[in-house]
Amino acid sequence: MKRFFAAGLALALCLAAPLRAASAGELIPEDILAAMRQADVVILGETHDNPRHHLVQAEAVAAIGPGAVVWEMLTEEGAQRLTRKAVNDPDELERILQWAELGWPPLAMYLPVFAAADAPVYGALVTRTAARAAMETGAAAAMGADAARFGLTVPLTEAEQAAREADQQAAHCNAMPPEMLPKLVAIQRLRDAVLARAILRAQDETGGPVAVITGNGHARADRGVPVYLSRISPGLRVYVLGQSEDGMIEGRFDAVIDSPAAPREDPCAAFDKS
């Protein structure tokens, strides 16, 4: 379940000036860039409200020169409406994508990524309606005809289910009722599968390489999108970059780039009922 919190004054001041995309090799070591250039799919993780993470993504996208970019943040309809002209007009881009309604951090953070590649854009956002369906009837039912293909009809092992529920509880400040945890895991699995489906479609339609803009939780190689890609297309060369804050990150990645934590309000304050 996506949760975003208002950033502090320092972040607001940071966004007051346009973010500048870095030159190749400025934020990403050359050996990591070289490995990315050899991949069919490059998954670029992020902490959504960290501006530096998006500058790293922009540098990676520019260096890769992808044939397509898949965005967790965009609906299919929004991606189809996108034009290169709109990318150069932030107000128009926000209107076309209906960004304000989607609940993500300010679009200004993502502008360097949009500008980094002139390539077809694919949206893989799970709508609120689909998320509610996953909560009520499970990920497989919400996915529909592709559920078996992406493994959603197969329950997780007891140990894996427990581990994922524990992660969801920690991510929600230990404030979730226990009965909500399986539902949150179902939504996460649905989002992983929908992202993987969009990546495979983009690869098939453009020939790749495909760059993927998504949160670290979906990027992680041990349980996220790469697991679904290996199930469907085991020959696909997938490279996964995670982005930590002050050295903190969960999961397995091919490489991790660290950045200072973005200034933000305490996310757990939203759960404080006192």
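The values are calculated or read from the model by the stated rules, or taken from the named source; none is laboratory data. Since this is a predicted model, take the numbers as computed values, not measurements. Positions of Cβ are backbone-derived with ideal geometry, glycine not excepted, and every protein chain shown enters the neighbour counts. These area figures cover heavy atoms from the full protein model, side chains too; ligands, DNA and RNA do not enter into them. Shrake-Rupley method; radii C 1.70, N 1.55, O 1.52, S 1.80 Å.
Worth pointing out:
- Subset tally (residues that are assigned to a helix (DSSP H, G or I) and within 21 Å of the chain's Cα centre (by Cα)) for segment 158-180: 9
- Verdict on R191 being in contact (Cβ under 8 Å) with a residue 12 or more places away in the chain, open to solvent by 40 Å² or more (accessible area, probe 1.4 Å) and either among the β-branched types (V, I, T) or not in a strand (DSSP E or B) (or both): no
- A202 assigned to a helix (DSSP H, G or I), touching a residue at least 24 places away in the same chain (Cβ under 8 Å) and in contact with a strand residue (DSSP E or B) (Cβ under 9 Å, 6 or more places away or on another chain): yes
- Members of segment 99-125 that are surrounded by fewer than 16 Cβ atoms within 10 Å (Cβ to Cβ) and touching a Lys or Arg at 6+ places or on another chain (Cβ under 9 Å): G103, D118
- Within segment 57-96, the set of residues being outside any helix (DSSP H, G or I) and polar (S, T, N, Q) comprises T75, T83, N88.
- Restricting attention to segment 64-90, the residues that are at pLDDT 95 or above, surrounded by fewer than 16 Cβ atoms within 10 Å (Cβ to Cβ) and closer than 17 Å to L107 by Cα add up to 0.
- Residue within segment 55-63 that is under 26 Å from T206 (Cα atoms), modelled with pLDDT of 95 or more, among the charged types (D, E, K, R) and open to solvent by less than 20 Å² (accessible area, probe 1.4 Å) present: yes
Let's see how each residue does on (1) under 22 Å from I43 (Cα atoms); (2) modelled with pLDDT under 95:
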position	(1), (2)
A116	yes, no
G123	yes, no
T129	no, yes
A134	no, yes
A141	no, yes
T157	no, no
E160	no, no
E165	no, no
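- For D222, the requirement of being outside any helix (DSSP H, G or I), open to solvent by 60 Å² or more (accessible area, probe 1.4 Å), of a type in the set (D, E) and touching a residue at least 24 places away in the same chain (Cβ under 8 Å) is met.
- Residue pairs whose Cβ atoms lie under 6 Å apart, separated by 6 or more positions or on different chains, with the first residue in segment 169-185 and farther than 19 Å from A139 by Cα and the second open to solvent by 40 Å² or more (accessible area, probe 1.4 Å) and not polar (S, T, N, Q), are C173/C268; C173/F271; A175/F271.
- A single entry from A39, A34 fulfils the requirement of being modelled with pLDDT of 95 or more and surrounded by 17 or more Cβ atoms within 10 Å (Cβ to Cβ): A39.
- Against the test of being touching a helix residue (DSSP H, G or I) at 6+ places or on another chain (Cβ under 8 Å) and either crowded, with 21+ Cβ neighbours inside 10 Å or modelled with pLDDT of 95 or more (or both), the options T214, T206 yield a single qualifying residue, T214.
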